[in-house]
Amino acid sequence: MKIIYVVIGVLLSITLTNRGLAQGPPITADKPIMLGGKTKLIKTLSEFRKTEQGEFLSLPVMLHYLPTSNSLVGIHVPFVNYSLSGENGSNNSLGDIAILGKYQFYRKDQMGKTFRVVAKTLQTLPTGEKLSADGISTGTYQSYQGIVAGYESIKYGVSNELGYNLVPDNSNDELRYKLGFGLPLKKPVYPVNQVNLFFEYQSSWFTEREDFLMLFAQGIQYAKGRLTVEAAVQVPIIQSLPENLKREYSIFFGTRYIL
Amino acid sequence: MKNLIIIIIISVLAFTISSNSLYGQSDRDQIEVQVDGLGCPFCAYGLEKKFKEFKGIKDVKIEMETGQFNFSYPSEKGMTLEQVESQVDKAGYTAVTTKIIRADGTIEESKQNITELTDESTIVSKDIFVAGNCGMCKARIEKTAKSIEGVVKAEWDKDNKMLKLEYDSSQTSIGEVSESIAKAGHDTKYSKAEDGVYNDLPGCCQYERVQ
């Protein structure tokens, strides 16, 4: 049944890519486009996640800084509220703090379009509780290395990310692939005034556990001037996971502001 | 007496305003840059933000479809072509052509392709039909033509669809220029663009095909 989401996403993508417009940054995926040296960005992407073991609310604050036009450093500090079923209880706590680094090593520009490739690293610190909530709070050190490649034109945007997440005891090692399509609903103008649709997929293969998870997210984004507001719903399409880790859905709400 | 005072005040004000207006126009350089890589309005924001490092920049205008980036800058600061191109690069984009119209009317222009003329060079002027619709087509057609070694001048008129070419016939030919423009997606009098390339053009550029 969940395959319907894939089909709808692909069909919408094919239909809408025929429009001659432009789009903004992906919501749950990543993109290789950077906004020029010395730029500072503050963003948040709150997530309400419902799983078989309970509910999680993550409220991260993310600060990004671009020292040059092809590099970025960032820190993500999430605050977490969770409510678990059974005797596990509920609490507010600090989630896993993550440090992000990106370096763009390939760029090919043409009129109204660009293709770029970025090396990405995300070091997750064990500052959160051990909650088995990947990307929110696991309480374990994690080191992610990946490549983000994206093509962006005034017609459409496609972003890809392939990477590997290492955990010291290998219990949660993960090969991750993300694919995002961005499609605009308004003519591209500057200053920025856009409404964009996003269709994003994430596949996670937990190599040691031999578990697999595939998620589909559909989102909408409004950007005016330096402010962007976005929302998305993410559901599992395929999940071969232990029963307690199975996901029901996630709802995202985010804002970005270029300082 | 009262009327005379009013007339004098109005005259002085009018003179002051017109002087300021003239002064305002004549003390600023106009800079026009064709920028590649602006795939979305956020990219344009990054570009403008980088140029705001130049204190005194005004009248910023960015056309998303053509990548045309225009602004004005105080003439006495003497911005150079190299400064403009370097700043575009620092913003993370590519400057294709840069033109500075100085306050005194002189024009400085970087050329994407500087054709070197020799004793054997023969400059030929020719107009050819090139299909297209909009400003984005104009930028693409002219950029393609100017990138060919031997082309000295290329200006496409979107109203009559004619490309005015000046080229050195010892270095290139009308056929080579025509083929290159067709490869970029535009039918010409002599060459037809492949369907796949045509279909890949933005919606606004999808002109009526030449039969």
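The numbers here are math on the coordinates, done by the rules we state, and not lab data. Computed from a predicted structure; not experimentally measured. Positions of Cβ are generated from backbone atoms using ideal geometry, with glycine treated the same way; all protein chains shown enter the neighbour counts.
A compact table of results
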item	result
Other-chain or far-sequence residues with amide H under 5 Å of A:TYR249's (modelled H)	A:LYS50
Solvent-free Debye scattering, log10 I(q)/I(0), computed from the Cα coordinates of region B:123-205 at q = 0.12, 0.13, 0.15, 0.25 Å⁻¹	-0.29, -0.34, -0.45, -1.22
Furthest towards positive pole of dipole, A:ALA98, A:ALA133, A:THR121, structure part region A:72-150, Cβ charges	A:THR121
Label zone at B:PHE54, where the point sits 7 Å out along the Cα-to-Cβ direction: region B:66-81 residues whose backbone N lies under 18 Å	B:67-81
Cα long-axis angle, helix B:174-183 against chain B (0 to 90 degrees, to the nearest 10)	80
Distance histogram for region B:27-109 (every C-alpha pair counted, 5 angstrom bins, percent rounded to whole numbers)	3, 16, 30, 27, 15, 6, 1
P(r) of region A:54-152 over all Cα-Cα pairs, binned every 10 Å from zero, in whole percent	15, 36, 25, 16, 6, 1
Selected from A:GLU87, A:GLU208, A:GLU243 as most flexible by GNM, with chain A as the system and alpha-carbon contacts under 10 Å	A:GLU87
Approximate spin-label separation B:LYS61-B:ASP104, in nm, with each point projected 7 Å along Cα-to-Cβ	2.6
Euclidean distance between Cα centres, region A:28-75 to region B:110-181, Å	46
Inter-label distance, nm, simple model (7 Å from Cα along the C-beta direction), A:ASN92/A:ASP211	2.9
Estimated translational D of chain A in µm²/s (Stokes, Kirkwood radius over Cα pairs; 37 °C; 0.692 mPa s)	174
B:SER147-A:LYS50 pseudo-label distance in nm [points 7 Å out on the Cα-to-Cβ vector]	5.2
Kirkwood estimate for the protein assembly as shown, i.e. one over the average of 1/r between Cα atoms, Å	25.2
Modelled label reach - A:THR121, point 7 Å along Cα→Cβ, region A:83-106 residues with backbone N closer than 11 Å	A:100-103
Unit charges on C-beta of K, R, D, E only; dipole of region B:123-205, Debye	180
Percent of C-alpha pairs per 5 Å bin, chain B, short to long	1, 7, 12, 14, 14, 13, 12, 9, 6, 4, 3, 2, 2, 1, 1, 0
Rounded to 10°, Cα long-axis angle of helix B:41-51 versus longest principal axis of chain B	60
Helix axis angle, B:135-146 relative to chain B longest principal axis, alpha carbon, degrees	60
FRET efficiency, 1/(1 + (r/R0)^6) with R0 35 Å, evaluated for B:VAL197 and A:LEU166 via beta carbons	0.20
GluC sites (Glu not before Pro) restricted to region B:44-138 and DSSP loop, no more than 12 other C-beta within 10 Å	B:GLU116, B:GLU120
